[in-house]
1. Would you mind stating whether residue 98 is closer than 22 Å to residue 67 by Cα, open to solvent by 20 Å² or more (accessible area, probe 1.4 Å) and at pLDDT 95 or above?
2. What pairs come up if the first residue lies in segment 1-28 and is of a type in the set (Val, Ile, Thr), the second is open to solvent by 40 Å² or more (accessible area, probe 1.4 Å) and at pLDDT 95 or above, and their beta carbons are under 9 Å apart, counting only those six or more places apart or on different chains?
3. Being in a helix (DSSP H, G or I) and either more than 28 Å from residue 116 (Cα to Cα) or without any contact (Cβ under 8 Å) to a residue 24 or more places away in the chain (or both) narrows it down to one residue among 32, 59; which is it?
4. Could you list all residues from segment 262-277 that are farther than 18 Å from residue 212 by Cα, in contact with a Ser or Thr (Cβ under 9 Å, 6 or more places away or on another chain) and either open to solvent by 10 Å² or more (accessible area, probe 1.4 Å) or in a helix (DSSP H, G or I) (or both)?
5. Would you please name the residue that is modelled with the lowest pLDDT, looking only at residues in segment 102-138 that are basic (Lys, Arg) and in a loop (DSSP other than H, G, I, E, B)?
6. Any idea how many residues of segment 195-242 are within 30 Å of residue 167 (Cβ to Cβ), touching a residue at least 24 places away in the same chain (Cβ under 8 Å) and assigned to a helix (DSSP H, G or I)?
7. Would you check if there is a residue in segment 224-237 being under 22 Å from residue 106 (Cβ atoms) and either touching a strand residue (DSSP E or B) at 6+ places or on another chain (Cβ under 7 Å) or not small (Gly, Ala, Ser) (or both)?
8. Could we say that residue 149 is closer than 17 Å to residue 88 by Cβ and under 20 Å from the mean Cα position of the chain (by Cα) here?
Amino acid sequence: MSLTALFNDKTVFSLEVFPPKKDSPKEAILPTLQQLQSINPDFISVTLGAGGSDHYTGTVSIADLIQNQLNIPAVAHVPGLYQTESQVLNLLDHLSEINVKNILALRGDKIPGKEPVGVFNHANELVSFVHKNRPDFSIASACYPDCHAEANGFVDDIAHLKEKVDAGADHLISQLFFDNQSFYDFKEKTEIAGINVPIEAGIMPCTNKKQIERITQITGVPLPKKFSAILDRYQDSKQAMKDAGIAFAVDQIIDLVSEGVDGIHLYTMNHADIAERIWDATKSVFEAANQKKTEKASNH
C-alpha cells in the first residue's frame, strides 16, 4: 500500500531509525524497535550507511524486522550518489522480496575523498529512474525548510524540489528545523511553485549540547533565540537539557499539528524512551486533529 494514501485520512506520525553498527548483529536494535512499536507509528524509515550498496544489508534486515515482525510499514532510504543503476535495482529487488515497497530516494551525503559513481548526481535522477523501472514502489523524497546547504538560494532549491516531485516523488519529508516559521514560509513557497504532495515536518529532539553543535554544523540549520537560551541555561545539566530538548520538540509538534501539518517525522536517533515521551505528550493532539478530519470528511 502506498503510504501517501494515509495523508488523506489523518495527520501522520512516523519515525526514523538507523541500523546498528556494521559489527553489531541486527537483533541489537530489536528492543528499541519493540519499544517504538508501542507508539504504533504510521511507518518507520531506516537509514542507509553512507558507503552505498555495500552497506545496505543492515537496512534491508531492519526493514524486514519492521515490516514483517512488527507489522509496521517500513520505508528504506535509498541514496544514489555512490550506487550504479544495477545496484539500485538490486537493492529494490531485495526490498520487494521482503514486501517493502516504500522508499525515501535521496542523493545522499558526499563522502570526502570518494568519487561519486556519476549516474545519480541529483535526487530527481534517482526518483525518475525508480519511477520508470520499478513503478510499483512508492517514493518519498527530502526537502529543506531552511534551504539546502548547497543550493543557490530558495528559488534554486524549490525548482529542484519541483523536479523531484514531477519525476515521481509522491510525498516529502523535511530536514529537521527548529523554527516553525521557517517551515510555514517554506510551505507557502512550495504551494506557489505548484508542489502539492504531502509534506511531513522532520523534528529532531536535541537533548545534549554536542549533538546540537554537530547537527547545526552539518546541516547549517539555524538555532532560534529560544533554543539558544535553553542551551545556555541547561547545557551543564544532562537531565535538564534532555527534559528541555524534549519539551521544545513537543512544543514544535503541537504548534505544527494545530496549524494543519500533513504529518510529523520524528528523528529518533534510536532513543525509544525519548520518542515515547514525545508521543505520550502529543498523542491527544493527533487524535483531536484526526477526529476533526474524520468529521470534515463525513460532512462532505
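The values are calculated or read from the model by the stated rules, or taken from the named source; none is laboratory data. Nothing here was measured: the structure is a model prediction, and the numbers come from that model. As a convention, Cβ positions derive from the backbone with ideal geometry for all residues, glycine included, and neighbour counts pool all protein chains shown. Keep in mind that these areas ignore ligands, DNA and RNA; they rest on the heavy atoms of the full protein, side chains included. Shrake-Rupley method; radii C 1.70, N 1.55, O 1.52, S 1.80 Å.
1. Details: closer than 22 Å to residue 67 by Cα: yes; open to solvent by 20 Å² or more (accessible area, probe 1.4 Å): yes; at pLDDT 95 or above: yes.
When the stated conditions are applied, residue 98 passes them.
2. Close Cβ pairs (under 9 Å, with a partner that is open to solvent by 40 Å² or more (accessible area, probe 1.4 Å) and at pLDDT 95 or above) amount to 4/170; 11/260.
3. Values: 59 fails: either more than 28 Å from residue 116 (Cα to Cα) or without any contact (Cβ under 8 Å) to a residue 24 or more places away in the chain (or both).
32 is the lone residue from the list that is in a helix (DSSP H, G or I) and either more than 28 Å from residue 116 (Cα to Cα) or without any contact (Cβ under 8 Å) to a residue 24 or more places away in the chain (or both).
4. Hits for segment 262-277 are 262, 272, 276.
5. Kept after step one, since they are basic (Lys, Arg), are these residues of segment 102-138: 107, 110, 114, 132, 134.
Of the ones still in play, those that are also in a loop (DSSP other than H, G, I, E, B) are 107, 110, 114, 134.
Working: 107: 93, 110: 87, 114: 90, 134: 97.
Per the criteria, the residue is 110.
6. The qualifying residues number 2.
7. Start the filter on segment 224-237 by keeping residues that are under 22 Å from residue 106 (Cβ atoms), which leaves none.
Taking every residue of segment 224-237 in turn, none turns out to be under 22 Å from residue 106 (Cβ atoms) and either touching a strand residue (DSSP E or B) at 6+ places or on another chain (Cβ under 7 Å) or not small (Gly, Ala, Ser) (or both).
8. Working: closer than 17 Å to residue 88 by Cβ: no; under 20 Å from the mean Cα position of the chain (by Cα): yes.
So residue 149 does not fit the description; no.
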